[in-house]
1. Of all residues in region 17-30 being in contact with a helix residue (DSSP H, G or I) (Cβ under 7 Å, 6 or more places away or on another chain), assigned to a loop (DSSP other than H, G, I, E, B) and surrounded by 16 or more Cβ atoms within 10 Å (Cβ to Cβ), which is modelled with the highest pLDDT?
2. Identify all residues within region 75-98 that are crowded, with 16+ Cβ neighbours inside 10 Å and assigned to a loop (DSSP other than H, G, I, E, B); write none if there are none.
3. Please work out which residue is nearest to the chain's Cα centre (by Cα), limiting yourself to region 56-69 and to residues that are buried (at least 18 other Cβ atoms within 10 Å of the Cβ) and part of a helix (DSSP H, G or I).
4. With the condition kept exactly as written, say whether any residue in region 48-55 is in contact (Cβ under 8 Å) with a residue 24 or more places away in the chain, surrounded by fewer than 17 Cβ atoms within 10 Å (Cβ to Cβ) and in contact with a helix residue (DSSP H, G or I) (Cβ under 9 Å, 6 or more places away or on another chain).
5. Just checking, does region 31-47 include any residue being part of a helix (DSSP H, G or I) and either modelled with pLDDT under 90 or in contact with a helix residue (DSSP H, G or I) (Cβ under 8 Å, 6 or more places away or on another chain) (or both)?
């Protein structure tokens, strides 16, 4: 049985669009990913450091953009690079799954 490369590529693209690229914020934070798709990124009811099904909300761009988060040492270059496109409404959320 051969897998169709077009279907695999489309599936991988859809997964990354929904969950965002993975990044490493620190060894303590585990595997992290941004939630929210530009241009309308949405919001969350969760507070920073709150856990939802084993993932912790580590940061958001609600009050500070990704560049300032990196400059202030709150996210790494890896998570900055994984951020993707800017939001025109709402904000992105950085969830980490070590918890």
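The values are calculated or read from the model by the stated rules, or taken from the named source; none is laboratory data. What you see is a predicted model; the values in this text were computed from it and never measured. Note: ideal-geometry Cβ built from the backbone for every residue, glycine included; neighbour counts use all protein chains shown.
1. Restricting to residues being in contact with a helix residue (DSSP H, G or I) (Cβ under 7 Å, 6 or more places away or on another chain), assigned to a loop (DSSP other than H, G, I, E, B) and surrounded by 16 or more Cβ atoms within 10 Å (Cβ to Cβ), the top hit is 25.
2. Of everything in region 75-98, those that are crowded, with 16+ Cβ neighbours inside 10 Å and assigned to a loop (DSSP other than H, G, I, E, B) turn out to be 75, 76, 83, 84, 87, 90, 91, 92.
3. Once the filter is applied, the top-ranked residue is 66.
4. no
5. no
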